[in-house]
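Participant: I am attaching a structure below and will ask some questions about it afterwards.
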Amino acid sequence: MTSFRDALSQRILVADGAMGTMLQAFDPSLEDFEGLEGCNEVLNVTRPDVVAGVHDAYLSAGADCVETNTFGANWAALGEYEIAERIEELSLAGARIARERADHWSERTGRQRFVLGSMGPGTKLPSLGHVTFGVLRDGYRRNAEGLIAGGADGLIVETCQDLLQVKAAVLGAREAIAGSGRDVVLVVQVTIETNGAMLLGSEIGAALGVIEPLGADVIGLNCATGPAEMSEHLRYLARHCNVRLSCMPNAGLPELTSNGARYPLGPSELAAAQVGFVEQFGVGLVGGCCGTTPEHIAAVAEAVSGRPVVRREVASVPGAASLYSHVPFSQDASYLAIGERTNANGSKVFREAMLAG
């Protein structure tokens with residue numbers, strides 16, 4: 001048996017693809033959702049056979065890792081259904097299903113498979129004051145505790161849109177890992193929009209400057225765009241990130257049609273893009289996000305699975321990051337000022353505090 005951490009250092013690993021569309025293909029009933037239509041995590045309890053079927057489809061296609069059906073098993077998302085108290089229950093159930101199927105395919109094929117505990121962004125942005133940091137962190141800790149207890153080899157904090165939400169999720173996950181006493185790998189993936197920044201305006205340098213010091217084992221990108229739009233952001237990570245890289249793009253930019261969203265990238269095209277990322281940027285964990293299917297993952301697995309990870313020459317850039325950008329700690333002859341702009345005219349409380357020293 002090889003640990004997930006060791007496997008990441010030895011070869012390219014292929015993760016699975018989209019979960020939500022696969023679940024919908026089984027046409028679960030409102031009763032399956034316990035009346036909470038759209039709450040996919042409830043299916044971990046009511047229809048474990050359906051969730052297991054999704055995992056089997058990807059494992060059969062050649063995936064080394066499957067993500068748990070827990071993308072929304074967090075305080076914010078479950079809170080909208082008024083079932084936030086079920087975070088641990090649904091996380092545990094989702095991880096147990098994935099663990100059982102991964103172990104089944106490991107034994108069946110003689111190739112070890114792994115489980116990634118999915119931790120999604122939720123629906124509340126702490127940088128905009130939707131929720132306090134502590135509440136979010138504690139909710140993510142419960143999410144992670146359930147996933148670890150269910151047998152996850154790694155935790156994947158994904159589709160991140162707000163760097164403060166990232167910090168809450170990572171700190172909650174690390175508390176859970178420390179409490180478990182197990183070696184659980186922590187993957188963090190941000191989502192860069194077509195404008196070249198995260199939803200709240202953070203560029204990739206700011207994201208790396210915040211996430212890497214928090215202790216993530218793997219940093220990467222997922223969702224929002226196809227591989228073409230991710231290329232330059234991956235190039236930055238390849239040059240400056242000291243930990244392993246991951247990439248799980250959509251099957252291209254979605255196109256709105258009369259039948260809903262359509263993703264234009266076929267399996268061979270996604271596979272070709274991932275080959276380029278593996279060879280050029282040293283990406284070691286690849287997979288798919290929205291619009292990707294077992295056919296996409298089969299093509300990716302055939303193209304890159306088992307290859308050694310390409311070594312990268314990394315030039316770290318020490319600096320500080322705001323919500324928006326990374327400022328290197330480099331200077332010419334002038335001094336480098338680090339601080340926050342304040343306005344004594346805009347706040348009576350601040351003005352009095354300033355005058356009081």
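The values are calculated or read from the model by the stated rules, or taken from the named source; none is laboratory data. Because the structure is a prediction, the values reported are computed rather than measured. Cβ placement follows ideal geometry from the backbone for every residue including glycine, while neighbour counts extend to all protein chains displayed. Keep in mind that these areas ignore ligands, DNA and RNA; they rest on the heavy atoms of the full protein, side chains included. Shrake-Rupley method; radii C 1.70, N 1.55, O 1.52, S 1.80 Å.
Participant: So, in the stretch 211-248, of the ones that are part of a loop (DSSP other than H, G, I, E, B) and among the β-branched types (Val, Ile, Thr), which residue ends up least open to solvent (accessible area, probe 1.4 Å)?
Facilitator: So, considering only residues that are part of a loop (DSSP other than H, G, I, E, B) and among the β-branched types (Val, Ile, Thr), the one least open to solvent (accessible area, probe 1.4 Å) is Thr225.
Participant: Among the residues of the stretch 109-135 satisfying the criterion of being among the aliphatic types (A, V, I, L, M) and under 18 Å from Glu158 (Cα atoms), which is most open to solvent (accessible area, probe 1.4 Å)?
Facilitator: Leu125
Participant: Sticking with this structure for a sec: When Leu265 is evaluated against the numbered criteria (1) under 19 Å from the mean Cα position of the chain (by Cα); (2) more than 23 Å from Phe114 (Cα to Cα); (3) modelled with pLDDT of 95 or more, which criterion, by number, is the only one it fails?
Facilitator: Condition not satisfied by Leu265: (1).
Participant: Checking the structure you have, find out if any residue of the stretch 337-357 is touching a Phe, Trp or Tyr at 6+ places or on another chain (Cβ under 7 Å), open to solvent by less than 50 Å² (accessible area, probe 1.4 Å) and in contact (Cβ under 8 Å) with a residue 24 or more places away in the chain.
Facilitator: no
Participant: Applying the selection to the stretch 56-82, what residues are touching a helix residue (DSSP H, G or I) at 6+ places or on another chain (Cβ under 8 Å), of a type outside the set (Gly, Ala, Ser) and open to solvent by 10 Å² or more (accessible area, probe 1.4 Å)?
Facilitator: Answer for the stretch 56-82, where residues must be touching a helix residue (DSSP H, G or I) at 6+ places or on another chain (Cβ under 8 Å), of a type outside the set (Gly, Ala, Ser) and open to solvent by 10 Å² or more (accessible area, probe 1.4 Å): Asp56, Glu67, Phe71, Trp75.
Participant: Would you say Ala63 is outside any loop (DSSP other than H, G, I, E, B), within 30 Å of Gln10 (Cα to Cα) and out of contact with any Lys or Arg (no Cβ under 6 Å at 6 or more places or on another chain)?
Facilitator: no
Participant: Does Ala7 count as out of contact with any helix residue (DSSP H, G or I) (no Cβ under 8 Å at 6 or more places or on another chain), under 18 Å from Asp153 (Cα atoms) and in contact (Cβ under 8 Å) with a residue 12 or more places away in the chain?
Facilitator: Spelling it out, Ala7 is indeed out of contact with any helix residue (DSSP H, G or I) (no Cβ under 8 Å at 6 or more places or on another chain), under 18 Å from Asp153 (Cα atoms) and in contact (Cβ under 8 Å) with a residue 12 or more places away in the chain.
Participant: Separate question: Give the residues of the stretch 194-210 that are out of contact with any strand residue (DSSP E or B) (no Cβ under 7 Å at 6 or more places or on another chain) and open to solvent by less than 10 Å² (accessible area, probe 1.4 Å), sorted by residue number.
Facilitator: Within the stretch 194-210, just Ser202 meets the criteria.
Participant: Can you find even one residue in the stretch 43-55 that is of a type in the set (D, E, K, R), closer than 18 Å to Arg99 by Cβ, open to solvent by less than 20 Å² (accessible area, probe 1.4 Å) and modelled with pLDDT of 95 or more?
Facilitator: No.
Participant: For the stretch 185-208, give me the residue count where each residue is in contact with a Leu (Cβ under 9 Å, 6 or more places away or on another chain) and not in a loop (DSSP other than H, G, I, E, B).
Facilitator: Result for the stretch 185-208: 10.
Participant: Could you please tell me which pairs satisfy a Cβ distance under 6 Å, a separation of 6+ or placement on different chains, a first residue in the stretch 159-170 that is under 17 Å from Asn143 (Cα atoms) and modelled with pLDDT of 95 or more, and a second residue that is part of a helix (DSSP H, G or I) and open to solvent by 10 Å² or more (accessible area, probe 1.4 Å)?
Facilitator: Gln165/Pro126; Ala168/Phe133; Ala168/Arg137; Val170/Leu214
Participant: What number of residues in the stretch 249-293 are open to solvent by 40 Å² or more (accessible area, probe 1.4 Å), aliphatic (A, V, I, L, M) and either within 20 Å of His233 (Cβ to Cβ) or in contact with a Ser or Thr (Cβ under 9 Å, 6 or more places away or on another chain) (or both)?
Facilitator: Count: 2.
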